[in-house]
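Written out below as structure tokens is the structure these notes cover.
The values are calculated or read from the model by the stated rules, or taken from the named source; none is laboratory data. Since we're looking at a predicted model, the values are computed, not measured. Cβ sites come from the backbone with ideal geometry, for glycine too, and all protein chains shown count toward neighbours.
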Ligand SMILES: Cc1cc2nc3c(=O)[nH]c(=O)nc-3n(C[C@H](O)[C@H](O)[C@H](O)COP(=O)(O)OP(=O)(O)OC[C@H]3O[C@@H](n4cnc5c(N)ncnc54)[C@H](O)[C@@H]3O)c2cc1C
């Protein structure tokens, strides 16, 4: 207790009174957007600049004080959950949009800027930030970088990693690594930003970023297609990708078990098909884009790759189609359910799901429900499994059914959300011992006292 008091007393003149929250100001905060518990930590530290982040980490490092970084708290793998012995470093005061460069098409900003605010800044400059996800109003660009977020535009533009040109981070000991490159090409030595992208805050705290901007799109065409056979899905993706000349942005597949549940009161296409595919293309030529989209959908029908189709005729119809895809909460209405985010090659999806279904049946008989949907064009599936009584033993049995078949499928236990605390026992399903050993070496080299997001990704025994 004396040590934490001394640490906070040392930090107060550097951060100011606004920069440190204690007691009820900590415990009255929600621990995460989808959680009903509150933050537990000795203090929440709110630096406003890179220098203040460096002060915080230098002093925490010296004191051996563990630090958990908070962005927008929308992460879904328990990466930002603190214990009562931790201090939280929140980026909530680091919200400056520093510059929009329309010549080089870049956006420089602090890590605590909300994704929506970053998108708006790009829009106002007549450009687009291609990163987009449902949590855009709450998540931060620093959190997006730390988790290498995916989202709605991955098929065309790639994940967060592809939108980040440069980045600044502070290491555990307070060293500032400013790698604020703004160029598309820079092969001079190691690309150090990659150390901090997707490493879930375990190697450093991201403080500033330079993001790549793209030309804004002015047209958006959306359709829902129905398919009877899974074998048609990769063919449909190939046909649309080539006929839409690189403008395809979304290829979202909903299995019948998901569609019939979430679209039961609003069915743009009749229930009864095995698969429903939401496709979207974005471009800049209103007449040609819609003609090309219509023609691509017609080809899909005449070539037998789709059994039925509906093209959205208005913004309202488009929103209704997306609402079906995004109504995952409806799968949680009938009792406890677990939502999974896995990745695997498109060619392995059907056999993988058959194996998951078999194992769930063996474990639970007919007393389970599985709903499947996801960014299938990116090889990313979400499975919602309702089975058992919600106890940790039941959850472990469900996790086995979902994760273990990924080994044979060549898949990953996390396509988007990271490992955090939630999935660390499953990491070895998709990462081999040599890969994990290198990850541990990096962690030990950059954070020798193990103060940053301790216990995430690896089990605690493996950390310094
Ligand atoms: C409705 C909804 C939809 C979503 N859709 C998607 C989706 O389509 N694709 C997707 O990938 N994710 C999605 N997510 C998950 C989540 O939004 C992303 O993981 C997001 O990138 C997390 O950002 P955050 O600022 O909320 O980070 P937090 O939740 O605060 O933190 C996540 C992790 O990053 C670390 N971290 C945060 N900021 C920093 C920083 N500045 N430096 C170092 N480490 C940091 C934290 O310690 C933690 O380990 C969704 C979540 C919700 C609630």
Qualifying residue in region 97-108 (condition: surrounded by 20 or more Cβ atoms within 10 Å (Cβ to Cβ) and within 13 Å of the ligand (Cβ to nearest atom)): no
Residue 298 vs. criteria assigned to a loop (DSSP other than H, G, I, E, B), surrounded by fewer than 19 Cβ atoms within 10 Å (Cβ to Cβ) and not assigned by TED's automatic domain parsing to the domain that holds residue 350: no
Check on residue 45, within 14 Å of the ligand (Cβ to nearest atom), surrounded by 13 or more Cβ atoms within 10 Å (Cβ to Cβ) and under 30 Å from residue 123 (Cα atoms): no
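Scan region 118-129 residue by residue and report those that are part of a helix (DSSP H, G or I) and either more than 12 Å from the ligand (Cβ to nearest atom) or over 19 Å from the mean Cα position of the chain (by Cα) (or both).
Correct list: 119, 120, 121, 122, 123, 124.
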Region 301-320, residues that are within 31 Å of the chain's Cα centre (by Cα) and in a helix (DSSP H, G or I): 315, 316, 317, 318, 319, 320
Failed criterion for residue 56 (all others in (1) assigned to a loop (DSSP other than H, G, I, E, B); (2) touching a residue at least 12 places away in the same chain (Cβ under 8 Å); (3) within 13 Å of the ligand (Cβ to nearest atom) hold): (1)
Failed condition for residue 74, given (1) closer than 26 Å to residue 419 by Cβ; (2) surrounded by fewer than 18 Cβ atoms within 10 Å (Cβ to Cβ); (3) in contact with a helix residue (DSSP H, G or I) (Cβ under 8 Å, 6 or more places away or on another chain): (2)
Hits in region 224-249 (condition: in contact with a helix residue (DSSP H, G or I) (Cβ under 6 Å, 6 or more places away or on another chain) and part of a loop (DSSP other than H, G, I, E, B)): 230, 244
Selection within region 147-168 - within 13 Å of the ligand (Cβ to nearest atom), under 20 Å from the mean Cα position of the chain (by Cα) and farther than 13 Å from residue 212 by Cβ: 147, 148, 149, 150, 151, 152, 154, 155
Filter pass, residue 372 being at pLDDT 95 or above and within 25 Å of the chain's Cα centre (by Cα): yes
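Checking the condition at positive phi, assigned by TED's automatic domain parsing to the domain that holds residue 114 and without any contact (Cβ under 8 Å) to a residue 24 or more places away in the chain, which residue from 201, 189 passes? Can you show your working first?
Values: 201 fails: without any contact (Cβ under 8 Å) to a residue 24 or more places away in the chain.
Criteria check complete, one pass: 189.
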Of residues in region 130-146 being assigned to a loop (DSSP other than H, G, I, E, B), more than 6 Å from the ligand (Cβ to nearest atom) and free of Cβ contacts under 8 Å to residues at least 24 places away in the same chain, the one farthest from residue 194 (Cα to Cα): 137
